[in-house]
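**Student:** For reference, the structure I am asking about is given below.
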Amino acid sequence: KVLLSCLGKVPPQARCLVPGCGSGHDLLALVNGHRSVCGLEISDAATNIARTITAGHPGIRVVVADFFEFSGTYDFIFDH
């Protein structure tokens, strides 16, 4: 519910980051034709699930990484 209430405030071409993306459902909610979404997950098992769930969405990238060691520039970061 929290993410859905924020979507109207996320620019349509935003670069989005979801640390601790888990199985990837938040990534699917954020992606659209122009947004790019990067999901970070420290767990290999969760990363594999997220990659499977988000397969076929070219705007989504799922990375095995520690948020505190990851670098990048993003317009919107969603964590809950």
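**Student:** Using 0.36 nm per residue, how much length does the chain from His80 to His34 gain when fully extended, once their Cα-Cα distance is taken away?
**Tutor:** 14.2 nm
**Student:** What is the chain's relative contact order, in percent, from Cα pairs under 8 angstrom and six or more apart in sequence?
**Tutor:** On the way: 140 pairs, mean separation 28.7, N = 80.
Reported as a whole number, the value is 36 percent.
**Student:** Applying the Karplus parametrisation 6.51 cos²θ - 1.76 cosθ + 1.60 with θ = phi - 60° to the phi angles of segment 18-28, what ³J(HN,Hα) value in whole Hz is obtained for each residue in order, glycine and proline being reported as x?
**Tutor:** Running phi through 6.51 cos²θ - 1.76 cosθ + 1.60 with θ = phi - 60° gives 10, x, x, 6, x, 7, x, 5, 5, 5, 5 Hz.
**Student:** Right, next: Across segment 66-75, in residue order, what do the Karplus-derived ³J(HN,Hα) couplings come to in whole Hz, using 6.51 cos²θ - 1.76 cosθ + 1.60 with θ = phi - 60° and x for Gly and Pro?
**Tutor:** Per residue, the Karplus-derived 3J(HN,Hα) values read 8, 3, 6, 10, 8, 10, x, 10, 9, 8 Hz.
**Student:** Working from Cα positions, state the angle (0 to 90°, nearest 10) between the long axis of helix 44-54 and the longest principal axis of the chain.
**Tutor:** Computed tilt is about 40 degrees.
**Student:** What does the convex hull of the alpha-carbon atoms of the chain project to on average, in nm²?
**Tutor:** Numbers: hull surface 19.3 nm².
Orientation-averaged projected area of the Cα hull: 4.8 nm².
Readers should treat all values here as calculations from the given coordinates under stated rules, not as data from a laboratory. Here the structure is a predicted model, which means the values were calculated and not measured.
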